[in-house]
Amino acid sequence: MTKEFDVIVIGGGPGGYIAAIRAAQLGLSAACIDEWKNDKGGPALGGTCTNVGCIPSKALLQSSEHFDQAQHHFAEHGIEVKGLKIDVTQMTARKDNVVKQNNDGILYLFKKNKVSFFHGRGSFVKALEGKYEIAVTGAQSETLIGRQIIIATGSNARALPGTPFDEETILSNDGALKIKGVPAKLGLIGAGVIGLEMGSVWRRLGSEVTILEGLPTFLGAADEQIAKEAHKIFVKQGLKIELGVKVGEIVKSKKGVSVSYTTASGQAQTGEFDKLIVSIGRVPNTVGLNTEAVGLQLDERGAIVVDQSCKTHLPNVWAIGDVVRGPMLAHKAEEEGVAVAERIAGQHGHVNFNTIPWVIYTSPEIAWVGQTEQQLKASGRAYKAGTFPFLANGRARAMGDTTGMVKFLADAATDEILGVHIIGPVASELIAESVVAMEFKASAEDIARICHAHPSLSEATKEAALAVDKRTLNF
Ligand code: FAD
Ligand code: NAI
């Protein structure tokens, strides 16, 4: 018998599963279809983020950071470690267990919120006067009818033309998270977020890491001052980063892979690597959705065309997350999921694109919200800047982690915070204060006048806010 739902969500990543839960919370009958399979063929909810993205990468970053600390920093605390070694099998098993806990957690949340889950591929069959017939195929075969459809089918890793991923030697993010031993020589193409995070993991564990980046600038999306600082630190740590290269032929050999490239100065080079991670961005995924059946509009990148409120041009069809425009971030997908469910329920869901934080989980971490100094200059906005180094922060000294700074950018006339940029210890957590401040349109002085616990890293945020008015107290 055909089952009918108020809302059918196709895709169970952070965008889709959150949309389904929010819809159910609002009293709508909600179904979520997801095709991801675990090793045993069972469901593995959470999409890219949980299975081959945010969660497993952070698990490996944590393990490798412990190793790096034990190897290089414990001695200064008077802790002696003898016979230190890394067991990659155990590290990977721990990571897999963290992933499983998250997969199972989402299944539990679906039960708790009465979301009907279908394990299989969801595809459009036909439109039925404002409703849609959706086929589920795969582990389960069903025909569903949805009064509202939310597409949350995510993205896939982009391969270099003519160089498909084999996930043994030439790796996407998937294979990069499953490397079985420490490669002596690891090559990465693309010095973006994945390149830096995965490069850091294997560099800490002992690989000689070379990152080949096509653009002449490093981390162009970040504030230039922060990006320059990051580049200096990463190179000092041992990452070899070649900017402005043109990647040529990639040939697999018995030993690994060789990559021909031309350097920024025009020299022909060949890099020989045991493994190669290709991290050159991701492409929106609509494979298998059968969009043609309903005439869903895609743009030239293959992303589903939506307006500001995530509406497609088809009535009652919405799309969210990586499969639409905007940054490919899990929390952006989640916010869109909540907003769309609320709009379907007649509420006024809203996503503020100006206050979506970015975090790169390297060591030190890099995090920012709002505009960069170069964006403010380009738009002609008059601004004031203030920075405060962690070197002058008591907690950072006690922790033995004083690299980096907090940087505030505020409107020259009104003092409204326009951007906050952090490179330093746990920047991922510190940035939350600035996101809240910007959401409430706070001024730099608001942060400067708020009592921050001592000793804490957050005092560096307060001091950077004070620096906007040239009145730091501890620097
Ligand atoms: P996805 O998570 O891609 O989920 C889509 C789901 O839909 C998948 O389960 C897929 O199997 C399913 N699906 C697709 N088509 C169908 C169909 N026809 N029928 C049924 N199911 C279907 N972002 C962050 O914010 N922080 C991070 O630290 C971070 N780290 C990352 C690290 C890596 C290595 C990678 C690759 C990405 C990382 N991201 C991070 C990005 C983040 O993973 C994505 O932005 C996020 O997963 C997008 O969520 P989504 O719900 O749009 O899609
Ligand atoms: P990215 O867009 O961050 O970086 C890709 C890099 O590859 C860019 O610097 C680009 O200039 C370079 N590049 C592109 N083509 C190239 C070529 N042919 N040769 C050499 N260099 C080339 O993409 P990445 O790292 O693949 O990650 C994909 C997305 O996943 C990110 O944009 C981000 O949205 C998300 N992500 C988020 C994380 C986080 O929030 N911490 C962690 C990892 C991924």
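The values are calculated or read from the model by the stated rules, or taken from the named source; none is laboratory data. Please read these numbers as outputs of a predicted model, since none were measured by experiment. Positions of Cβ are backbone-derived with ideal geometry, glycine not excepted, and every protein chain shown enters the neighbour counts. Side chains are part of the model used for accessible areas, which takes the heavy atoms of the whole protein and leaves out ligands, DNA and RNA. Shrake-Rupley method; radii C 1.70, N 1.55, O 1.52, S 1.80 Å.
Structure notes:
- With the biggest extent put first, the Cα atoms of segment 226-289 measure 45, 35, 23 Å across the principal axes.
- Inter-site label distance for LYS311 and ALA93 at 7 Å from Cα along Cβ, in nm: 5.4 nm
- Rounded if a/c under 1.5, otherwise prolate or oblate - the chain, Cα gyration tensor axes: oblate
- Projected onto their three principal axes, the Cα atoms of segment 355-468 cover extents of 40, 29, 21 Å, largest first.
- Element breakdown for the chain at a 1.4 angstrom probe: carbon and sulfur atoms account for 52% of the accessible area.
- Normalised per residue, the accessible area of segment 355-468 is 39 Å², obtained with a 1.4 Å probe and no contribution from ligands, DNA or RNA.
- Computed magnitude of the charge dipole of segment 374-446 (debye, nearest 20; Cβ of K, R +1, Cβ of D, E -1): 320 debye
- Dimensionless Rg ratio for segment 170-280, taking C-alpha atoms and the 2.2 N^0.38 Å reference: 1.01
- The order of THR312, THR137 by accessible area, most exposed first and with a 1.4 Å probe, is THR137, THR312.
- Calculated [θ] (222 nm, deg cm²/dmol) that DSSP helices of n ≥ 4 give over the chain, each run adding -39,500 (n - 2.57): -10000 deg cm²/dmol
- Trypsin sites (Lys or Arg not before Pro) restricted to segment 12-66 and DSSP loop, no more than 10 other C-beta within 10 Å: LYS40
- For segment 193-338, the solvent-accessible area works out to 45 Å² per residue, with a probe of 1.4 Å and every protein chain left in place.
- Sorted largest first by accessible area at a 1.4 angstrom probe radius, with every protein chain in place, the residues MET1, MET328 fall in the order MET1, MET328.
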